[in-house]
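The values are calculated or read from the model by the stated rules, or taken from the named source; none is laboratory data. These numbers come from a predicted model, not from an experiment. As a convention, Cβ positions derive from the backbone with ideal geometry for all residues, glycine included, and neighbour counts pool all protein chains shown.
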Amino acid sequence: MDPAEFGISTTPLHHAPYGPITPEALAGANTSKVALITGAARGIGAAIAESLAKSGANVAILDLDIERQADTQQKCAAHGVKVGVYGCDVTDEQTLLATLDQVEQELGPVDVLINNAGILSQRPLLISTFPSFWRQIEVNFKAPLLLTHALLPRFLSRGGTGCIINIASRSGTVDVPMTMGYVTSKAALIRGTHTLQKELGLDGLDEGVGVYALHPGGVFTGMGGSGAEEDVRERYGGVGVGDEEGFRELFRDGPELCGQTCAWLASGRGRELRGFYLDCRQDVRKLLEYGREAMLKEKRNTLGVNFLDGYCNEP
Ligand SMILES: NC(=O)c1ccc[n+]([C@@H]2O[C@H](COP(=O)([O-])OP(=O)(O)OC[C@H]3O[C@@H](n4cnc5c(N)ncnc54)[C@H](O)[C@@H]3O)[C@@H](O)[C@H]2O)c1
């Protein structure tokens, strides 16, 4: 993958927490809220859970991987908040919804949902089995929608407030060969974020419920570190996202940057950015200064189509 193919930013990017999103700036910002984070046993999800806990939220850590949850649990509990751990496959509808109920019984009503669990398979569609391709859509897109669908009526009945952060990816906005399931599920998640925010307005929820799609930066985690399987590497060489070495080179952001951005969004301080696709490396102050109205008018931070000049995406 050649990064230049996707564009090189001309504005400085953040790689670690800064100014308004540092733990000090967010101390107490989410006190007593309940945040449910999927895929929080390791990687970016673990950092998100810890950031939410640091900002005062009680956290529900949900993951397939039961063994690794203990570490996240310990780190979160060190901040004096309530922590619940839940072993659950987010694609299993019945278990997922029962787990949501259990979280609410044990910790209280969920105020913040962070759809972080995600999987990536580096294998062209042509040589994938359909179930393994489709599983990416189920984990990355179906599960976030299942939880969202279950929570929205609860938000409505509890005063019309809430926050949903969908951990998306830059992959949802670019073409990366060998990651069909990943890019399409993330693109769907981003567009779903824009549309859902508009839909919420129909029920008077636009002001109180914020939905965000967030690119977490490039973080070296278990997800990409292992690269493609042997047979794929043999057949296609270096095409696609690449191997462990390539990943290390490209993915240099700390997971705390995403974690702290989530804590900032959960606090409501980024409400003006609801419905948008955000990259946590871009300074949130700059976005707020630009203003919601201008962003909406110019379709900034929105996944769309860019026809040749003069041809618009009219109905
Ligand atoms: N790492 C990056 O640079 C990067 C870049 C863009 C987007 N993302 C997104 O960030 C999120 C977190 O990625 P990460 O890099 O920390 O990955 P990771 O593989 O390190 O962690 C993902 C976690 O999700 C859990 N999980 C996977 N399938 C699950 C399921 N069916 N049910 C419950 N839990 C499940 C895993 O057990 C794991 O703990 C993902 O949505 C990913 O697409 C990551």
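Out of the residues in the stretch 1-52 meeting the condition of being in contact with a Gly (Cβ under 6 Å, 6 or more places away or on another chain) and among the hydroxyl-bearing types (Ser, Thr, Tyr), tell me which one is surrounded by the most Cβ atoms within 10 Å (Cβ to Cβ). Applying the filter and picking the extreme gives Ser51.
Among the numbered conditions (1) modelled with pLDDT of 95 or more; (2) of a type in the set (Ser, Thr, Tyr); (3) out of contact with any strand residue (DSSP E or B) (no Cβ under 6 Å at 6 or more places or on another chain), the only one that Thr38 does not meet is (3). For the stretch 62-93, which positions are assigned to a loop (DSSP other than H, G, I, E, B) and within 13 Å of the ligand (Cβ to nearest atom)? Within the stretch 62-93, Leu64, Asp65, Cys88, Asp89, Val90, Thr91, Asp92 qualify. The single residue among Leu13, Leu26 that is farther than 27 Å from Thr161 by Cβ, within 21 Å of the chain's Cα centre (by Cα) and assigned to a loop (DSSP other than H, G, I, E, B) turns out to be Leu13. Scanning the stretch 137-156 for residues that are over 15 Å from Ile114 (Cβ atoms) and either among the aliphatic types (A, V, I, L, M) or touching a Cys at 6+ places or on another chain (Cβ under 7 Å) (or both) gives Ile137, Leu152, Leu156. Cβ-Cβ distances below 6 Å connect the following pairs, each with a first residue in the stretch 183-208 that is of a type in the set (Asp, Glu), a second residue that is in a helix (DSSP H, G or I) and modelled with pLDDT of 95 or more, and a separation of six or more residues or different chains: Asp206/Leu200. Only one of the numbered conditions (1) under 20 Å from Ala16 (Cα atoms); (2) out of contact with any Asp or Glu (no Cβ under 9 Å at 6 or more places or on another chain); (3) of a type outside the set (Gly, Ala, Ser); (4) at pLDDT below 95 is violated by Phe220, and that is (2). Note on the stretch 37-61: residues that are in a strand (DSSP E or B) and away from the ligand (no atom under 12 Å from the Cβ) amount to 3.
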